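Heads up: the structure comes next, in C-alpha coordinates.
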Amino acid sequence: MDNEREVQYVIDRFYEIISGNANEERPWNAFRTLFFSGDSSLASMKYNTEKECITKRADVESYIIGLNSFLKSNDFYEYGFNYEIKVFGSIANVYSEYAAKRKKEDISIIKQGINLVQLIHNGQAWKIHSMLWQDQG
(Lines give C-alpha, C1' and ligand atoms only; values in the text may rest on other atoms or scores of the structure.)
Protein backbone atom coordinates (compact mmCIF):
# COMPACT_ATOMS: atom_id res chain seq x y z
CA MET A 1 0.00 0.00 0.00
CA ASP A 2 1.38 3.42 -0.88
CA ASN A 3 1.64 6.31 1.59
CA GLU A 4 -1.45 8.17 0.39
CA ARG A 5 -3.65 5.08 0.68
CA GLU A 6 -2.22 4.31 4.14
CA VAL A 7 -2.95 7.87 5.26
CA GLN A 8 -6.50 7.72 3.87
CA TYR A 9 -7.03 4.39 5.64
CA VAL A 10 -6.22 6.05 9.01
CA ILE A 11 -8.70 8.85 8.36
CA ASP A 12 -11.38 6.43 7.15
CA ARG A 13 -10.82 4.29 10.24
CA PHE A 14 -11.31 7.38 12.43
CA TYR A 15 -14.71 8.01 10.83
CA GLU A 16 -15.61 4.32 11.00
CA ILE A 17 -14.90 4.03 14.73
CA ILE A 18 -16.93 7.08 15.75
CA SER A 19 -19.91 5.94 13.62
CA GLY A 20 -22.67 3.66 14.86
CA ASN A 21 -26.00 3.34 16.60
CA ALA A 22 -26.83 4.98 19.92
CA ASN A 23 -25.35 3.18 22.90
CA GLU A 24 -23.24 0.95 20.60
CA GLU A 25 -19.86 0.43 22.25
CA ARG A 26 -17.10 1.90 20.12
CA PRO A 27 -13.64 0.28 19.95
CA TRP A 28 -11.93 3.13 21.82
CA ASN A 29 -8.67 1.21 22.25
CA ALA A 30 -8.41 0.88 18.47
CA PHE A 31 -9.28 4.60 18.21
CA ARG A 32 -6.40 5.49 20.56
CA THR A 33 -3.94 3.61 18.32
CA LEU A 34 -4.73 6.00 15.45
CA PHE A 35 -2.97 8.83 17.28
CA PHE A 36 0.69 9.72 17.63
CA SER A 37 0.26 10.32 21.37
CA GLY A 38 -2.41 10.84 24.00
CA ASP A 39 -1.89 14.57 23.86
CA SER A 40 -2.50 14.78 20.11
CA SER A 41 -4.74 17.79 19.52
CA LEU A 42 -8.32 17.60 18.26
CA ALA A 43 -9.99 20.97 17.88
CA SER A 44 -13.21 22.28 16.45
CA MET A 45 -13.51 25.83 15.21
CA LYS A 46 -16.59 28.01 14.92
CA TYR A 47 -17.73 31.60 15.28
CA ASN A 48 -19.96 32.89 18.02
CA THR A 49 -22.77 35.41 17.50
CA GLU A 50 -20.25 38.27 17.74
CA LYS A 51 -18.26 36.71 14.86
CA GLU A 52 -15.35 35.84 17.18
CA CYS A 53 -13.40 32.68 16.41
CA ILE A 54 -13.93 30.05 19.10
CA THR A 55 -11.93 26.84 19.25
CA LYS A 56 -12.61 23.88 21.49
CA ARG A 57 -9.45 21.81 21.95
CA ALA A 58 -9.29 18.28 23.31
CA ASP A 59 -6.66 15.63 23.76
CA VAL A 60 -7.53 12.06 22.76
CA GLU A 61 -9.03 11.04 26.13
CA SER A 62 -11.15 14.15 26.60
CA TYR A 63 -12.38 13.83 23.00
CA ILE A 64 -13.42 10.22 23.68
CA ILE A 65 -15.22 11.19 26.90
CA GLY A 66 -17.12 14.04 25.24
CA LEU A 67 -18.04 12.12 22.12
CA ASN A 68 -18.95 8.95 24.00
CA SER A 69 -21.42 10.95 26.09
CA PHE A 70 -23.13 12.12 22.87
CA LEU A 71 -23.00 8.66 21.25
CA LYS A 72 -24.74 6.95 24.16
CA SER A 73 -28.01 8.60 23.17
CA ASN A 74 -27.56 9.42 19.46
CA ASP A 75 -27.19 7.41 16.29
CA PHE A 76 -24.32 8.99 14.38
CA TYR A 77 -22.60 8.13 11.10
CA GLU A 78 -19.81 10.33 9.75
CA TYR A 79 -17.76 9.80 6.63
CA GLY A 80 -15.07 11.63 4.71
CA PHE A 81 -14.81 12.39 1.01
CA ASN A 82 -12.93 14.61 -1.47
CA TYR A 83 -9.60 13.90 0.19
CA GLU A 84 -6.56 15.97 -0.73
CA ILE A 85 -3.51 14.20 0.68
CA LYS A 86 0.02 15.60 0.58
CA VAL A 87 2.91 13.49 1.86
CA PHE A 88 6.44 14.71 2.37
CA GLY A 89 8.81 12.22 3.97
CA SER A 90 7.38 11.31 7.37
CA ILE A 91 4.66 13.96 7.52
CA ALA A 92 1.30 14.19 5.81
CA ASN A 93 -1.45 16.74 5.56
CA VAL A 94 -5.03 15.79 4.72
CA TYR A 95 -7.88 18.03 3.68
CA SER A 96 -11.15 16.14 3.91
CA GLU A 97 -14.74 17.13 3.58
CA TYR A 98 -17.09 15.27 5.89
CA ALA A 99 -20.79 14.72 6.37
CA ALA A 100 -22.79 13.09 9.14
CA LYS A 101 -26.17 11.40 9.27
CA ARG A 102 -28.32 9.96 12.04
CA LYS A 103 -28.65 6.60 10.29
CA LYS A 104 -26.27 5.10 7.76
CA GLU A 105 -29.05 4.77 5.18
CA ASP A 106 -30.45 8.30 5.72
CA ILE A 107 -30.46 10.71 2.83
CA SER A 108 -30.58 13.83 5.01
CA ILE A 109 -27.29 15.16 6.37
CA ILE A 110 -27.25 16.56 9.92
CA LYS A 111 -23.89 18.30 9.57
CA GLN A 112 -21.01 18.70 7.16
CA GLY A 113 -17.75 20.54 7.06
CA ILE A 114 -14.00 20.46 6.55
CA ASN A 115 -11.42 18.44 8.46
CA LEU A 116 -7.69 19.26 8.37
CA VAL A 117 -5.51 16.42 9.65
CA GLN A 118 -1.76 16.24 10.15
CA LEU A 119 -0.13 12.84 10.46
CA ILE A 120 3.34 11.57 11.31
CA HIS A 121 4.89 8.30 10.24
CA ASN A 122 6.48 6.90 13.39
CA GLY A 123 8.67 4.39 11.54
CA GLN A 124 5.95 1.74 11.58
CA ALA A 125 2.65 3.41 10.71
CA TRP A 126 0.91 6.70 10.02
CA LYS A 127 -0.50 8.32 13.18
CA ILE A 128 -2.71 11.38 13.63
CA HIS A 129 -0.77 14.24 15.20
CA SER A 130 -3.52 16.87 15.10
CA MET A 131 -6.98 17.58 13.71
CA LEU A 132 -8.85 20.82 13.17
CA TRP A 133 -12.38 20.94 11.80
CA GLN A 134 -15.16 23.36 11.11
CA ASP A 135 -18.80 22.55 10.49
CA GLN A 136 -20.36 24.31 7.55
CA GLY A 137 -23.09 26.82 8.17
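A few remarks follow.
- For the range 1-79, the solvent-accessible area with a 1.4 angstrom probe is 60 square angstrom per residue.
- Prolate/oblate/rounded call for the range 70-137, Cα gyration tensor, a/c under 1.5 rounded: prolate
- Pairs of Cα atoms in the range 3-80 fall into 5 Å distance bins, from 0 up to the last occupied one, in shares of 3, 14, 20, 23, 20, 12, 6, 2, 0 percent.
- A simple charge model with +1 on the Cβ of Lys and Arg, -1 on the Cβ of Asp and Glu and nothing else charged puts the dipole of the range 60-127 at about 80 debye relative to its Cα centre.
- By the helix-only formula, in which each DSSP H run with n ≥ 4 contributes -39500 (n - 2.57) and the sum is divided by residues, the chain has a 222 nm mean residue ellipticity of -7500 deg cm²/dmol.
- What a 1.4 Å probe finds exposed on the range 1-135 is 51% carbon and sulfur by accessible area, rounded to a whole percent.
- Simple point charges give the picture: +1 on the Cβ of Lys and Arg, -1 on the Cβ of Asp and Glu, and for the range 1-83 a dipole about the Cα centre of about 240 debye.
- Placing a label point 7 Å from the Cα of Ala22 along the Cα-to-Cβ line, the residues of the range 66-87 whose backbone N sits under 14 Å from it are 69-77.
- A straight chain from Phe88 to Asp135 at 0.36 nm per residue would run longer than the Cα-Cα distance by 14.2 nm.
- Cα long-axis angle, helix 60-71 against the chain (0 to 90 degrees, to the nearest 10): 30 degrees
- The angle between the Cα long axis of helix 3-18 and the main principal axis of the chain comes to about 30°, on a 0 to 90 degree scale.
- Amide proton proximity set for Ala125, modelled H, under 5 Å, gap of 5+: none
- Residue by residue, the range 72-86 carries 3J(HN,Hα) couplings of 5, 10, 9, 5, 7, 10, 10, 9, x, 7, 6, 5, 10, 10, 10 Hz when phi is fed to the Karplus relation 6.51 cos²θ - 1.76 cosθ + 1.60 (θ = phi - 60°); x denotes Gly or Pro.
- For the range 1-58, trypsin sites (Lys or Arg not before Pro) meeting the loop criterion (DSSP other than H, G, I, E, B) and having at most 12 other Cβ atoms within 10 Å: Lys51.
- Charge-dipole axis of the chain as Lys and Arg at +1 and Asp and Glu at -1 on Cβ define it, positive-most pick from Thr55, Ala100, Leu119: Thr55
The values are calculated or read from the model by the stated rules, or taken from the named source; none is laboratory data. Every value quoted in this text rests on a predicted model; they were computed, and no experiment measured them. Note that each Cβ is placed from the backbone with ideal geometry, even for glycine, and that neighbours are counted across all protein chains shown. We work out accessible area using only protein heavy atoms, side chains counted, and drop any ligands, DNA or RNA first. Shrake-Rupley method; radii C 1.70, N 1.55, O 1.52, S 1.80 Å.
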